[in-house]
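A short reminder: the numbers here are calculations on the coordinates, not readings from a lab. These figures come from a predicted structure and were not determined experimentally. Using ideal geometry, Cβ is built from the backbone for each residue, glycine included, and neighbour counts are taken over all protein chains shown.
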Amino acid sequence: MKYAFFLGCLIPAREPGYENSVRKIASELGIELEEMEGANCCAPFSIQSVDYISWLALAARNLCIAENMGLDILTLCNDCYESLLMTNTMLKEDKEIRNKVNEILADVGLEFKGKTNVKIFSDALYEDIGLEKVKNAIKEPFNGLRVAVQPGCHLTKPKRIHFAELAAAAALDDLVEATGAKSITYERKESCCGGPLRGVNDEVALHIAKQKLDGVKAAGADCIVTVCPFCYFELDMGQLEIKRHLNEEHNLPVLHFAELLRMAMGMKLEDWEVRAHRIPLTKILDMKEVK
Amino acid sequence: MQKGVVVIGGGIAGIQASSDLANRGFKVYLVEKSPSIGGRMAQLDKTFPTMDCSMCILAPKMIECVRHPNVQLLTYSEVKDVKGSVGNFKVRVLKKPRYIDERKCTGCGICAENCPSEAPNEFDENIGMRKAVYMPFPQAVPRVMVIDKDNCLECGLCDNVCPANAVNREQQPEEIELDVGAVIVATGFDVFDPSVIPQYGYKRFQNVITAMELERTLCASGPTGGHLIRPSDGKIPRSIAFIQCIGSRDRRKWINHPYCSSICCKYAVKDAVLIKEHEPDSRITIFYIDMRAFGRGFQEFVNRAKSEFGITFTRSNPGEVSEDPNTNNVVVWFEDPITRTVQHASFDLVVLCPTLIPRKGVEELAKTLGAELDSYGFFKSADAVKKPLDTTVSGIFACGYCVGPKTGDIPDSVAQGSATASRVAEVLARLEVA
Amino acid sequence: MSSLDAYFMREVANTPRGRGVLACIQCGRCTSSCLVARVVEEHNPRKLVEMIILGLRSEVLPGPLPWYCLSCFTCLDRCPQGGDVGETMFAIRNLAVREGNIPEGIAAQAQSLFETGRVVTPSRMALINREKYGLGKEPAVNVEAVQKILRKTSFDKLIYRGP
């Protein structure tokens, strides 16, 4: 399987560990990740809030790059997924919008033809590689690790774009359980982490994050696993801020799904990756030793 | 030309149509899928807005219908094939085996008392249990037991204790060919399953129930003997919330019931008043989008519900409910229409009013009849304005909720039953003259 | 005392993401589902649509209401009218930006996007570490192409924050 690899902005800037884990998993499972030359920011909701056509044009530029590579796009971030998938769907269906956007893209020598598809990492593993192949690659399963899966809003909503809403969240649950962990139910699993308000209204963002963390803690999870770097950042860094401002501790390590999978495939996390987690991973790493 | 009529569906609409036709001299074959006629009306406690006892009105009509010499009742039966055209239909009916001899069974119930196997009771919306050999409900017509083979342990105890020797475990399904001139469909409705919308907590929280389950709870012949108790702990709920429009008026593609079910506002107010009469101290709130109180006497009933019975009407559609794990109380999240802020309120019991949908199996029936359904599964009219009760097949008519939610309350269904009977009589009379 | 703009509802309905405002039946399901509405009293999706319908343009566009939105799409998924009302938040924000109302955090992201093609850029340390950890050089953005596009859509004028 070959994909046009869309990294987005947040991962190179703040979470290189996620990229590292994905690359390692890809090479183990025979997935080729081709660099998208000159790709720009996907234009997440913050940019969508500024201007509609700018969003579509920027997102469409990335879609065109992938089209010219003849590959589907693989994203690692829910917000990139949202932006690119919505743009792809809208431009494929609505001729008027497509013409408008192509008028702008003509200036940079590109034309949207609707030939590519957008996939997020967990869905790509589930649909294109298959659960069986993933299961067969597991060498060191997490026996009984209680994981609170945070699918994140944009993995499954808006439903009319993602149509098989439950399928994407269920696929993520299945993949997490393939590593030997247990995906537990907890209150408000489908709700937001608060990430989008970070930098805009930190107080409210933290409040929303706390609601989520309270629910996870009440359900007795060992850790949180997420696909989205925004969720990761908000729930990981957020716990430090909650400790500082609201004097409450949750002590829930937050992992990227790729990190969980990679560890289960027998590839240990390197020191710099472990240190990147603000809530220490010691609990999880100890568990692996004691197996 | 044949002078017989097959009526498919033994609810109030089908019963009315059958009685009318029988009185006019037609031979009527009333085919009912379940072991007893009665339909939804048999499940209700009281009707609105008169607050009459539902069974008290229904039972005499059921008896009158089946006692009529022109009516032949075929219960536990389904229409499997229809050939021919108006005036000359050949209808093949499959009668499922009850494993009880209808001619011998007196309905005494001794077999059920001794039966060791239990199963959820469909008549009670699966909130109560029945035995594997059972009477569908106390006033069932025909008054004959039936054995549910899937849950029968084949122990033979019923056979041993039956004083009439009515158990016949060798009974086979029976195919019956009927020559009739016309067919009337009156299959009624099912209740939408709210677990498709998980935010309302149905099947996740014990104290969230549907309105039909509430009806069975309030009915004296139901699993609680008419005592209003809540599922989690059997206590009497002191605070109750009704949430309207669960799945109805919903244009989302994966729900696809954009219509208004037309009777939920009515029955919610009825049930609220009923509960208040039982338990005057209870606090009841109805959360609605619009209070659709059209028709005779209904707005007055709503006004009385507010002023005399103190029922709270809150114009706000809650987005979700959650559960208090210690008390199993249900917390409803809604926007208070006065203060315009999001509030949450705890209730002992939450009743959902789900949308009403065509009966399961209606697509197969429509195919057998060759009649068209609309995109929601209701029978299409040959002409929505001039021939609303004619299906798209000449000689086949439909009445009651299976035609669509524009009807649905009991007087409407009765009127439509009579109307289709009249249509049949007219059409067949014209054929005779021709 | 704010003046009412009778055309405001049409104005919003004519924007690409604003047509849902015509379908709203004011049932309140969106607001009762909104996580932020429980925390911030001013943030109320149903009320936003109500204010649009009433023509309260001079209150809505300069106000903070639409900027509290998480764009989590919960309201949009639950709306019985098919969800376009949830998109109204975006439509209002687009209009608000044109009137000069844009929160600092978003303006900073927009600025970064125009200058570098990314909403958030790696620090120098992050770039050094990248190479150290064997991830290779950070893929470069074709900033020229980005700026060409954003000039054509007048994005640069929208976010211009003065000399």
The range B:192-356 shape via C-alpha gyration tensor axes, a/c threshold 1.5: rounded
3J(HN,Hα) from dihedral phi, the range A:186-194, Karplus parametrisation 6.51/-1.76/1.60, rounded to Hz, x for glycine, proline: 8, 5, 6, 4, 7, 8, 6, 8, x
Cα centroid of the range B:260-280 to Cα centroid of the range A:63-88, whole Å: 52
Crossing angle, helix A:52-69 versus chain A [Cα axis fit, 0-90 degrees, rounded to tens]: 90
Mean Cα-pair separation over length for the range B:110-154, i.e. relative contact order, pairs under 8 Å, 6 or more apart, %: 34
Nonlocal amide H pairs with B:Asn126, under 5 Å, H built at 1.01 Å: B:Asn121
Amide hydrogen neighbours beyond the local backbone of B:Gln72, cut-off 5 Å, H modeled: B:Val28, B:Tyr29, B:Leu30
Exercise: per-residue mean of other protein chain Cβ atoms within 10 Å, B:339-347: 4
Residues whose placed amide H lies under 5 Å from that of A:Ile120, excluding near-sequence neighbours: A:Thr75
Estimated [θ] at 222 nm from DSSP helical runs (n ≥ 4, -39500 (n - 2.57)) normalised by residues in chain A, nearest 500: -16000 deg cm²/dmol
Karplus-derived 3J(HN,Hα), 6.51/-1.76/1.60, for each residue of the range C:64-71, Hz, glycine and proline x: x, 3, x, 7, 7, 5, 7, 6
Derived scalar couplings ³J(HN,Hα) [the range C:22-38; Karplus, 6.51 cos²θ - 1.76 cosθ + 1.60; whole Hz; x for Gly, Pro]: 7, 9, 5, 9, 6, 7, x, 5, 4, 5, 6, 9, 6, 5, 6, 4, 6
Between 0 and 90°, nearest 10: helix C:84-98 axis offset from chain C longest Cα axis: 70
Neighbour net charge for B:Glu175 - beta-carbon separation under 15 angstrom, K R +1, D E -1: +1
Shape of the protein assembly as shown, Cα gyration tensor, a/c cut at 1.5: prolate
Ranked list, fewest to most other Cβ atoms within 10 Å of each Cβ, for A:His277, A:His256: A:His277, A:His256
Value at 222 nm in deg cm²/dmol, rounded to 500, when DSSP H runs of n ≥ 4 in chain B each add -39,500 (n - 2.57): -7000 deg cm²/dmol
Normalised contact order of chain B, rounded percent, pairs of Cα under 8 Å and 6 or more residues apart: 18
Projected label distance in nm at A:Lys100 and C:Ile128, using a 7 Å step from Cα toward the beta-carbon: 4.7
GluC sites (Glu not before Pro) within the range A:200-249, DSSP loop, no more than 14 other Cβ atoms inside 10 Å: A:Glu248, A:Glu249
Distance between the range B:2-22 and the range C:103-163 - C-alpha centres, whole angstrom: 75
Dimensionless Rg ratio for the range A:2-121, taking C-alpha atoms and the 2.2 N^0.38 Å reference: 1.04
10 Å Cβ shell holding at most 15 others, DSSP loop, GluC sites (Glu not before Pro): longest site-free stretch of chain B: B:1-153
Rounded to 10°, Cα long-axis angle of helix C:143-152 versus longest principal axis of chain C: 30
Cβ-based charge dipole, the range B:192-356, positive-most Cα from B:Pro237, B:Ser316, B:Thr224: B:Ser316
At 1.002 mPa s and 20 °C, Stokes diffusion of the range A:131-289 via Kirkwood alpha-carbon radius, µm² per second: 134
Those lysines that a straight Cα-Cα span of less than 30 Å connects to A:Lys217, excepting residues fewer than 8 apart in one chain: A:Lys135, A:Lys139, A:Lys157, A:Lys159, A:Lys182, A:Lys189, A:Lys243, A:Lys268, A:Lys283, A:Lys288, A:Lys291, B:Lys203
Per-residue average of Cβ from other chains inside 10 Å of B:287-300: 1
Three-way shape call for chain B based on the alpha-carbon gyration tensor, with the a/c threshold at 1.5: oblate
